[in-house]
1. Of the numbered conditions (1) open to solvent by less than 40 Å² (accessible area, probe 1.4 Å); (2) under 41 Å from the mean Cα position of the chain (by Cα); (3) among the acidic types (D, E), D510 fails exactly one; give the number of that condition.
2. Could you say which residue among A497, A443 is open to solvent by less than 30 Å² (accessible area, probe 1.4 Å), under 20 Å from L384 (Cβ atoms), in contact with a helix residue (DSSP H, G or I) (Cβ under 7 Å, 6 or more places away or on another chain) and free of Cβ contacts under 8 Å to residues at least 60 places away in the same chain?
3. Please determine whether any residue of the range 379-391 is touching a helix residue (DSSP H, G or I) at 6+ places or on another chain (Cβ under 7 Å), assigned to a helix (DSSP H, G or I) and of a type in the set (F, W, Y).
4. With (1) closer than 20 Å to I326 by Cα; (2) surrounded by fewer than 16 Cβ atoms within 10 Å (Cβ to Cβ) as the list, and G283 as the residue in question, which single condition is left unmet?
5. What tally of residues in the range 14-29 results from selecting those that are open to solvent by 40 Å² or more (accessible area, probe 1.4 Å) and over 17 Å from A103 (Cβ atoms)?
6. Could you identify the single residue in L551, L478 that is buried (at least 21 other Cβ atoms within 10 Å of the Cβ), part of a helix (DSSP H, G or I) and at pLDDT below 90?
7. Taking the range 71-91, which residues are in contact (Cβ under 8 Å) with a residue 12 or more places away in the chain and among the aliphatic types (A, V, I, L, M)?
8. Considering only the range 295-310, I want to know if a residue exists there that is farther than 27 Å from F248 by Cα, touching a residue at least 40 places away in the same chain (Cβ under 8 Å) and in a helix (DSSP H, G or I).
Amino acid sequence: MRRYQDALEALPEAIAIFDEDDRFVFWNQRFTEIYGMGIDLRVGTRFADHLRHCIVQGLVPSAVGREEAWLAERLSRFADAEGAHEHRLTNGRWVRVQDRRLAHGGRIGIRADITEAREREESFRLLFDANPVPMIVSDVQTHEIIAVNDAAVAFYGYAREQFLKLRIRDIRPEHTSGEIAAFIQNNMVGSMTAGAIVTHWTAGGKEKLVRMAGCRLDYGGQPAVLAAIFDLTEQHRAEQEVSSARIFLTEIVDQVPVAVFAKDLEHEGRFVIYNRASETLFGRTRAEVIGRTDAEVFGAEVAARFAPQDEVALRVDKVATFEDEIIHRPDGSERFLRTQKVGLSDRPENPPRYILGVSEDVTERRANEARIAHMAHHDALTDLPNRFLFHERLASALVRRRDGECLAAIFLDLDGFKAVNDTHGHAIGDDLLKQVADRLRAALRACDTAARFGGDEFAILQSVMSEPGEAAWLAGKLVATLSAPYQVGTRDLKVSASAGVALAPFDAADPNLLLERADAALYRAKREGRNTFRFASPHVPSGETNTYPSLIESGARMGRNR
């Protein structure tokens, strides 16, 4: 258990584990650090009670004035255990919240501090607000204007409150909504190119000949378009403004924390965009990539893997997503990516010319998910499967069992283990249990399973047997193996083992009932002298003639022949 806790404490995320009744059973130190000392947690605290305590303590600013509605929404998300959401704490930190179901019916909560990502968004806000170029953010679907900077307010002559009640067509009245939508679709796609020259109207009705340059972005959780507006009253000045806009938009893309790249298909798929995050992710500088093809950058084998992806992105009329893509960086490291690609054209009437891609490094996320899944199904001390995983494998083995085959569930515990703990301490007892686990692994076949149920209790699944005598042979072998002396540090320790064996389908075909009968057989073995094993029943049912002594003899005979 200590190793299990240490592993969870080492994770960068805050972790909380709940049982099937939504009660806290564990949380790591990072959980307390993120939420501060105002939380009051105890093992067994219900999640709903924890939320109410946080509301009372004023730890949830978004709940103020709507406490019950907020509580209902949060519990609904927790029950669904899908997706993720974000909230802000009273100390100003931002947290991304994810809840996941566990195999045994409980849940695990994962909390990540995303304050730095939010601060990058604030940095974008500073670039946006203070930029001397008029800039507008509009909704992709409705074309409603949702943000403007001071330069746009001055350029168009609307008060900010008036501006935020307008749509793009209000400043481009000679264009229909369809034309505006087509303009956005074909020009503002993140390719850093300026749009066509169009006429805009100011608040006083004055015409302005302008060129817009823009890109798609996520603004407050909704898809939007960022447009920079350049006054073309003086052509020379307009050219300077376009150049400035391209530099500015490139800087915006460089602030995006995921890899963004684009390839020009009219020039053999050579890279034309490659941001700073791409340099970090792929391990190659912009100078090494811009103007080169996939084959020149990554090699022919990788290029052959990327080519079908590009074809899919060009063929489908939406963003194509590619999960768990593997790349090898020049330093030899391997990373897992989630990549999205889409084909883009430079003009509405032309076929797609560019491949725009966004790649996210999911290596650590996948590794963390794998570690958490492993810890949920394995014993922290011995790394053997735990009770839940053993039960799943037993149930599966019973379903897969063919006619004429049998399997065994064997319960084991150590005779005298309590005396070891009492005399030498729990640290020595833990080391002894790890040696027991090692002996069990060495004694079993690859198709068998050894699990730790807790304390000094272990369970064995012996599958694919042609005759019940194999269970007698294995039970005797395990009792003898675990009863041999142990060397723990400088101490010579001696314990013995007792075992109970239940056979399927003779004793039971239901996993729970089979385990109950193996457990009962174990206690009979302990009552009748220990350091031995007993079967769940003295004979094999279903008309078999093998008596209990014959099973023992069959097992002994198998042992002599091996």
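The values are calculated or read from the model by the stated rules, or taken from the named source; none is laboratory data. What you are looking at is a predicted structure, and each value in this text was computed from that prediction instead of being measured. No Cβ is skipped: glycine too gets one built from the backbone with ideal geometry, and neighbour counts run over all protein chains shown. In case anyone asks, the SASA skips ligands and DNA or RNA and just uses the protein heavy atoms, side chains included. Shrake-Rupley method; radii C 1.70, N 1.55, O 1.52, S 1.80 Å.
1. Result: D510 passes all but (1).
2. On the way: A497 fails: free of Cβ contacts under 8 Å to residues at least 60 places away in the same chain.
Among A497, A443, only A443 is open to solvent by less than 30 Å² (accessible area, probe 1.4 Å), under 20 Å from L384 (Cβ atoms), in contact with a helix residue (DSSP H, G or I) (Cβ under 7 Å, 6 or more places away or on another chain) and free of Cβ contacts under 8 Å to residues at least 60 places away in the same chain.
3. Looking only at the range 379-391, we keep the residues that are touching a helix residue (DSSP H, G or I) at 6+ places or on another chain (Cβ under 7 Å), and these are 380-382, 384-386, 388-389, 391.
Next cut, assigned to a helix (DSSP H, G or I) only: 388-389, 391.
Pick out the ones that are also of a type in the set (F, W, Y) and you get 388.
So far as the range 379-391 goes, yes, one or more of its residues are touching a helix residue (DSSP H, G or I) at 6+ places or on another chain (Cβ under 7 Å), assigned to a helix (DSSP H, G or I) and of a type in the set (F, W, Y).
4. G283 satisfies every listed condition except (2).
5. Step one: of the range 14-29, the residues open to solvent by 40 Å² or more (accessible area, probe 1.4 Å) are 20-23, 25, 27, 29.
Subset that is over 17 Å from A103 (Cβ atoms): 23, 27, 29.
Number satisfying all stated conditions: 3.
6. On the way: L478 fails: at pLDDT below 90.
Result of the check over L551, L478: L551.
7. Listed by number, the residues that qualify are L71, L75, A81, A84, L89.
8. Within the range 295-310 (the criterion being farther than 27 Å from F248 by Cα, touching a residue at least 40 places away in the same chain (Cβ under 8 Å) and in a helix (DSSP H, G or I)), the answer is yes, since at least one residue qualifies.
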